[in-house]
Amino acid sequence: MSAMTDAYVLARRNFDQARAARDRLIEYISGVANQMKTNPERFSFANTQGGYPAEVAMTRNSVSVNADEWPSVPHIEQIFIAHYSAKGAMLDAWRAVPQEDRNAFQPPPVGW
């Protein structure tokens, strides 16, 4: 392998990891949103100052999310910025791979 193809392999791996982190974050937030939507009368956050009525927080079909696990806006931004950065680095590295070597590698995802 050449330095250019090695750089692409590394950039692609970094992108895949960043995209997976972004997708996990989206799944987590979407899951919490779905719980809120599905059972809004029984939804609460745990590990907060609270103040929820007992029928919200203490019933059999209550839904509680640990507030300590809820991502902050800076954390969400960090995940998305890392994804965008990894995407750009991967695309730059792909453009540097000689055309005759490209068939040996998985190209960047299409549709961007």
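Here are the numbers:
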item: Asn61-Gln49 pseudo-label distance in nm [points 7 Å out on the Cα-to-Cβ vector]; result: 3.1
item: Acute angle (nearest 10 degrees) that the helix 3-38 long axis makes with the longest principal axis of the chain, alpha-carbon atoms; result: 20
item: Cα long-axis angle, helix 73-96 against the chain (0 to 90 degrees, to the nearest 10); result: 20
item: Debye intensity ratio I(q)/I(0), log10, the chain, q values 0.13, 0.15, 0.17 Å⁻¹ (C-alpha model); result: -0.64, -0.73, -0.83
item: Segments 99-110, 72-83 sorted - mean Cβ within 10 Å per residue, highest first; result: 72-83, 99-110
item: For Ala46, residues with placed amide H under 5 Å, excluding near neighbours; result: Val65, Asn66, Ala67
item: Within region 12-98: Cβ-based charge dipole about Cα centre, in debye rounded to nearest 20 (Lys, Arg +1; Asp, Glu -1); result: 380
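Since every read-out is calculated from the coordinates, none of them should be taken as a lab result. Model, not experiment: these values are computed from the prediction. Cβ coordinates were reconstructed from backbone atoms using ideal geometry, including for glycine residues, and neighbour counts include every protein chain displayed.
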